[in-house]
Amino acid sequence: MKNPFEKMPTVLTADELIDKAFRRAEKAASAFTPRGGRVSKARQREELRVRTVSNILRDSLKKILDRTPGVSTLPDFYKELVDTLVDRDQFHRALASVNWAVKTIRTLEQRYAEKIRYSKDPDEIARLRRQFYGRAASIIKDIADNLEYLNQARNVLKELPVIELELPTIVIAGHPNVGKSTLLRALTNAKPEVASYPFTTKGINVGQFEEHYLRYQVIDTPGLLDRPLSERNEVERQAILALKHLGKVIIYIFDPSEHCGYPVEEQMHLFEEIYAEFGEFPFIVVLNKVDIAEEEKIKQIEELVRSKGLEPFRISALNGYGLDRLKAKVIELVKPMVEEQARRIMEKELRKYREELEL
């Protein structure tokens, strides 16, 4: 799936929009050669100005509405992120004000074009056009704050992660420097895409791998699932909630060597918090860097993990030790979900094909 907001256009400020409309109107009037007498020429030229200003303003505003997806139609993952980053209610109000401006300017255009058409005084015709200009500009200035807000929102929303929502996703968690990115690369056999997003401190890493013609997606979320939830700000908490709509399996990584800079006790505490928060998901617990860790530290972590009814995996993501067994476990848990998703996609395509044949 593409970023649903990638086509949302840059939103001009009120002054920029008004200036653009007036300049286009003058250019159109200068290039136009009216026919008839003095009054007829004045009517044609001023009506052209009115309609040009109206068209430019309305087209610019309608482009915002047409290229901005309805938040209520988005997948849950993106709904949560919109709520997190821009406040859905304020976003809706801003779009509603743009829609109001489009309709109001259209009504004004029709009213003033009709007045100009029936006026017999060139001075009054020019005055009516100026009146329309003033009222149209006033409408745009009334929504100036909303236009500025929408452009700020657009700059944030266009950075949303491009993640294939159709693929069941494995989310990697654990303290910084425990080997999450190394494991991601080892599992996916590819350099993950790395991009910075507004709700993480460093970015989201996305990788995929294929097994028996089925694709699997793995993501690492630096800045989210790597420190206690109690230390989170509201934006981070909401982004973590969004992950619940995306993730299907959690891989939690420990570093019993403590080379990551965090003592085992602190790592165990974070695991307890993440496990409580995502307890409804299947968990795979990995002890990385076991080739350089003390056995006592390894067993200390394994005891906690087994107390949760989980079987820990010993690996070294850097040299490949234990990765085949880990990957097999990942596939065992996720494969049924991938197969179910593939079945649904195939049935959807078959239905579409049959409907086309019936037509």
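General remarks:
- Most to least accessible of M8, M346 (protein chains only, probe 1.4 Å): M346, M8
- All C-alpha to C-alpha distances of the chain, sorted into 20 Å bins beginning at zero, yield P(r) values of 24, 37, 23, 12, 2, 0 percent in whole numbers.
- Taken over the stretch 1-126, lysine pairs spaced eight or more positions apart, or on distinct chains, with alpha carbons under 20 Å apart number 14.
- For the stretch 37-92, pairs of C-alpha atoms spaced more than 19 angstrom apart make up 54 percent of the total.
- Carbon/sulfur fraction of accessible area - the chain, other protein chains in place, 1.4 Å, %: 48
- Peptides 347-354, 14-21, 300-307 ranked from most to least packed by the mean count of surrounding Cβ atoms within 10 Å: 14-21, 300-307, 347-354.
- Surface calculation, 1.4 Å probe, protein heavy atoms: E46 sits at approximately 20 Å² accessible.
- Distance between modelled label sites at D324 and K348, nm, 7 Å Cα→Cβ extension: 3.7
- The residues of the chain present an accessible area of 51 Å² per residue when probed at 1.4 Å with all protein chains retained.
- Span per principal axis, largest first, for the Cα atoms of the stretch 41-159 (Å): 60, 21, 19
The values are calculated or read from the model by the stated rules, or taken from the named source; none is laboratory data. Please read all numbers here as calculations on a predicted model, not as lab measurements. Backbone-built Cβ (ideal geometry, glycine too); neighbour counts: all protein chains shown. Surface accessibility is based on the protein's heavy atoms, side chains included, excluding ligands, DNA and RNA. Shrake-Rupley method; radii C 1.70, N 1.55, O 1.52, S 1.80 Å.
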